[in-house]
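Below is one structure, written out as structure tokens, with a few remarks after it.
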Amino acid sequence: MDKLWGGRFSKETDQLVDQFTASIFFDQKLAAYDIEGSIAHVEMLGSCGILSDGEVKKIKDGLLEMKRKAEKGELHYRQEDEDIHMNIERSLLDAIGPVAGKLHTARSRNDQVATDMHLYLREKIDEILSLLLQVEKEIVEQAKKNVETIFPGYTHLQRAQPISFAHHLLAYFWMFERDRERYKDSLKRVNWLPLGAGALAGTTFPIDRFLTAKKLGFDFVYPNSIDAVSDRDFILEFLANSSILMMHLSRLAEELVLWSSQEFQFIEIDDAFCTGSSIMPQKKNPDVPELIRGKTGRVYGNLIGLLTVMKGLPLAYNKDLQEDKEGMFDTVITIEQSLQILAPLLRTMEVRKERMAEAIRTDYSNATDLADYLAKKGIPFREAHDITGKIVYYAITKKKSLLELSLNEYRSYSPLFEEDLYQAIDPRQVMAARNSYGGTSPEQVAVQLRLAEERVRTNP
């Protein structure tokens, strides 16, 4: 089959070359965006008097028919035509005849594919923002039910201080809120139009790139034609933002795995989001959060892969840039699937409040407040810390909690201890006492919840 670009060549390309260089196997995902860009391009060519009204109508009607076929999955693609652009042009040629060749006036596949990916990412980022918002809403709903739920806060995966479980959950809300802000900010750079830059140097035709931008809803037009066809920063930024999001999802997934284990038993993941074992009948495996945790690596890999492709490329376009798409597509799918399944998992998650409270009763996470008690009596904090450390060691040797030690035992370490120390180190009082802005007291968590709800309501 003759190539649409084959005039300069004296022989057919080797079949292995066709197989190796073809991208139609994966870039067919861009069909709708390619057609959308082509419609705007041909309308602009007509407005500028480069094509006649009749030519514009015939080409546009053909493209609209192809768009309907694409939506129904009825477009057929051929490896010989290499990529989505040439496949669509070939199909258009078959449908409306030689006038189809005028569609490619004043453009190149170089600016065409860049435009397709800008259009694709703009839509996909909006979809991801919507899905991420649903996850945030589920976190807020769980937090509202658990403001007073006492939970062992950890550092180094060791019990540290009693906190509100809502406070812990809302930490993830703010992580995801930053992710949303990053994605939204990136749209400023996604929304630049490359079309009309040609292969690298612009065109001799009197086109109006700003008209094309208006038709396609772009805010800016690349002012440098070389940069327009060689820029992949907008994809790298998307991959970087997605890597940070997946890191946050992975941290939450790790905690869901831990909390649902028999060792913790802090939560119960609904049966609908777990799987069993083929050999061990008792097993209930948290496969969903495990897979979210595992899929983080592939998103990181997609970022590193494209950074490596880009690092040594001379300007302007190089075939290496064909490697920009598969990782982008894979990242979109991975992010969307992870968010789609995480939202209902969080909604149906059972919080075992009594188990969390029991964990607090048997640890020494109120020790900081014991040291604070002495510090408020006038003892330098470092000395109070040392005394409390000795008391904790003593309590461990006696297999008692700090609340189980007698007042006489406390006074053997300092005469400043009074009966009110038991109230000071009661876990609920420990939680409530941390009433500084951003702290874990129910009062401050309620303030934080109002902020979170306001963000969800006003920043869709």
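Please identify the trypsin sites (Lys or Arg not before Pro) of region 34-100 that satisfy two criteria: DSSP loop assignment and at most 14 other Cβ atoms within 10 Å. Which are they? Please list the in-between numbers first.
Numbers: sites: Lys57, Lys58, Lys60, Lys67, Arg68, Lys69, Lys72, Arg78, Arg90; in loops: Arg78.
Passing both the DSSP loop test and the Cβ count: Arg78.
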Rg to Rh quotient for region 148-286, alpha carbon positions, Kirkwood Rh: 1.24
Whole-angstrom gap from region 399-446 to region 42-67, using each part's C-alpha centre: 77
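So what's region 319-460 giving for Cα Rg divided by 2.2 N^0.38 Å, two decimals?
Details: Rg = 23.9 Å, N = 142, 2.2 N^0.38 = 14.5 Å.
It is 1.65.
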Calculated from backbone phi, Karplus (6.51, -1.76, 1.60) coupling profile of region 165-172 in Hz, x at Gly/Pro: 4, 4, 4, 5, 4, 5, 4, 6
24 Å Cα-Cα threshold exceeded, pairs from Lys124/Lys325; Lys144/Lys400; Lys137/Lys214; Lys60/Lys319; Lys29/Lys295; Lys29/Lys72: Lys144/Lys400; Lys137/Lys214; Lys60/Lys319
Per-peptide average of other Cβ atoms within 10 Å, ordering 363-376, 302-315 highest first: 363-376, 302-315
Mean-position separation - Cα centroids, region 293-335 and region 152-209, in angstrom: 17
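For region 6-105, what does the alpha-carbon gyration tensor say about shape, rounded, prolate or oblate, given a ≥ b ≥ c as the root eigenvalues, a/c under 1.5 as rounded, and a/b over b/c as prolate?
Values: a/c = 2.32, a/b = 1.46, b/c = 1.59.
Because a/c hits 1.5 or more and a/b fails to exceed b/c, region 6-105 counts as oblate.
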Entry for Kirkwood radius over Cα pairs in Å (calculated from the structure that is shown) out of (i) 26.5; (ii) 24.5; (iii) 25.6: (i)
Acute angle (nearest 10 degrees) that the helix 233-259 long axis makes with the longest principal axis of the chain, alpha-carbon atoms: 30
Gly153 long-range amide H proximity, modeled H, under 5 Å: Ala160, Gln161, Ile163
Helix 109-144 axis, angle to the chain major axis (alpha carbon atoms, nearest 10°): 20
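Every read-out reported here was derived from the displayed coordinates using simple, explicitly stated rules and does not represent laboratory data. Not measured: the values here are computed from a predicted model. All Cβ positions, glycine included, derive from the backbone under ideal geometry; neighbour counts span all protein chains shown.
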